[in-house]
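The values are calculated or read from the model by the stated rules, or taken from the named source; none is laboratory data. Keep in mind that what you see is a predicted model, and the values were worked out from it rather than measured. Quick reminder, even Gly has a Cβ in these numbers, built from the backbone with ideal geometry, and neighbours come from all protein chains shown. Ligands, DNA and RNA are excluded from the accessible area calculation, which covers all protein heavy atoms including side chains. Shrake-Rupley method; radii C 1.70, N 1.55, O 1.52, S 1.80 Å.
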Amino acid sequence: MKGNRGRVLVVDDHKPSRMKLALAVQNLGHEAASVDSGMACLEALRSSRFDMVLLDIVMPGMDGFQVLAEIKRDPALRDIPVIVITALDEMEDAARAIELGADDLLTKNFNPVLLKARVGAGLERKRLRDQELEYLRQVDRLAAASGLIEGKDFDPAHLGLTDIAARDDRLGNLARVFLDMAGEVYRREQNLRKQISLLKGGFLIMLLGVCWGLIPSLSRIIMTDGLNPLGVAFWTLGISATIMLILSILTGRLPDRSWPSVRRYLILGLFGAVLPHLFLFWVAGHVPAMIIAIVLAAESFIVFILAAVLGLEAPNLKRFIGLSFGLACVVLIMVPGSDSTGVSSWFWIAATLGIPFCYAIEDIVVAALPAEGTDVIGTTTGFSLAAAAILMPVTLLSGSLIYPAEAMTQYGLPFLMIACLSSFSTLLLIFTIRTTGAVFASQTGYAMTAGGILWSVILLNEQMSIWIWAALACLVSGLALVMPKEAEVQIPGDLELRSES
């Protein structure tokens, strides 16, 4: 109802009486509609909104008593006030109508003043009842919203309490206090999730650094015998592919065999396995394991450049400065020469950069994988098999194959360890990239560096010169400046939340 205006339905089978009553209602400033039967009355009430019914008792077919009983039985209609229209000699019927739930009565020869008073009083009761029902509905909504806060996926933007908070009574004040508290709970929940995500990502990176950091030392040990890099890569990648295939079969998580997936496996196999392994085994005979591990820090810088160019990460000056410290590590071990770093030529340092460059491309490709339907084990198996398939013909045609008898008797354990570490590290890397983003996951280069230095000291007794210490200091400084990728969380400070429809 707008102000004191109401919409009134007149029900009377006698046309003159119906028209007279409808006209009188309109003269009072209300909207009037009329029907000539009880069945038409119920249809009109259920198809449109009315604030009052003026109901004649005596009608053919469904009489006024039946209509009144039906109205009061229907939860959607029972709160509409009904004024029965009676003749002077129908007082018994009027009393029965009151017992059935009629709100008031009016004689057919009504007085206009009396009509105005009774219609006005009935509409006022309807208005107050509507306010009461709306108040109760809003209380229920507020109570239901309190239960949503306990849910794991609680979001203040979905509470829809703006209209309640706009009230100027105690319920509105309660809603505003509740929304303030809900916003604070949501902010704390998001901060807690970010901290957990950061700790989880940090643990994954540390574990990956310890595992992969062992590979340069193992590579250095076997490559000092002058083995062919192609032959070593063939065996390590072949064993790795076999391990992943067995794991994939046992878990029932086989690689996707569609052409788009096969194409991605080939790209990942080339840049994530074949090329970095070839670079690693090629330079391992000429570059100390400690230096190889430090050069891996350039992966973060390369990923940042590629991600910024491709629009995957927004450029950030602080992050760029931090990643630039990683590049400074490479410069600090190139400048002093072989006396301080153990590297005979700058050429080998440049060749070593091929390893983080390939891994950077792998990071970008993995980060671009579909969010749904990408299985870590299936994907790792797919590109491990692709890497073995790429390398097999190249190794055989170039005559670089290390025969099984020599490979298994002399180098079987190092090959197996490198293959196992490579498979596990790849699984861990893909999982880390999928959960933290390419730029944050690229910080595994720092962890790999720390792990590689540790293993090189333990296994190879390599020493750190002043230049290497300086490079490591740059590395730590860069790590402090580079922050993980965070999802933007919109928390409405003014609590302008969406209302329920």
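Computed over all pairs of different Cα atoms, the Kirkwood value for the hydrodynamic radius of region 1-53 is 11.2 Å.
Taking Rh as the Kirkwood radius computed over C-alpha pairs, what is the Stokes-Einstein D of region 23-144 at 4 °C in a medium of viscosity 1.567 mPa s, expressed in µm² per second? Translational diffusion coefficient: 85 µm²/s. Pairwise Cα separations in region 25-96 fall into 5 Å bins from 0 onward with the following percentages, short to long: 3, 15, 28, 25, 18, 10, 1.
The string of couplings for region 123-130 from the Karplus curve (6.51, -1.76, 1.60, θ = phi - 60°) is 5, 5, 4, 5, 5, 5, 5, 4 Hz, one whole number per residue in order, with x for Gly and Pro. Each residue of region 141-146 is assigned a 3J(HN,Hα), and the resulting list reads 5, 5, 5, 5, 5, 5 Hz, derived from the Karplus form 6.51 cos²θ - 1.76 cosθ + 1.60 (θ = phi - 60°), x at Gly and Pro. Over the Cα atoms of region 144-277, the radius of gyration divided by the Kirkwood radius equals 1.30; this is the Rg/Rh ratio.
Sort 212, 259 from largest to smallest accessible area, using a 1.4 Å probe on the heavy atoms of the protein chains.
Descending accessible area places them as 259, 212.
Please list, by residue number, everything in region 256-281 whose backbone N is under 20 Å from a paramagnetic label point 7 Å out along Cα→Cβ of residue 375. From region 256-281, the list is 256-269.
Spatial offset of region 1-44 relative to region 181-255 amounts to 78 Å, using the alpha carbon center of each. For residue 128 and residue 116, the difference between the fully extended length at 0.36 nm per residue and the C-alpha to C-alpha distance is 2.5 nm.
Ignoring ligands, DNA and RNA, please state the percent of accessible area on region 16-78 from carbon and sulfur, probe 1.4 Å. All intermediate terms of the calculation are to be shown ahead of the outcome.
Working: 1610 of 2970 Å².
Ligands and nucleic acids excluded, carbon and sulfur reach 54 percent.
Scalar couplings 3J(HN,Hα) for region 238-254, obtained by applying the Karplus form with A = 6.51, B = -1.76, C = 1.60 to θ = phi - 60°, are x, 5, 4, 5, 5, 4, 5, 5, 4, 4, 5, 5, 5, 8, x, 10, 6 Hz; x denotes Gly and Pro.
Solvent-accessible area of residue 353, all protein chains in place: 50 Å² (probe radius 1.4 Å, heavy atoms, ligands and nucleic acids excluded).
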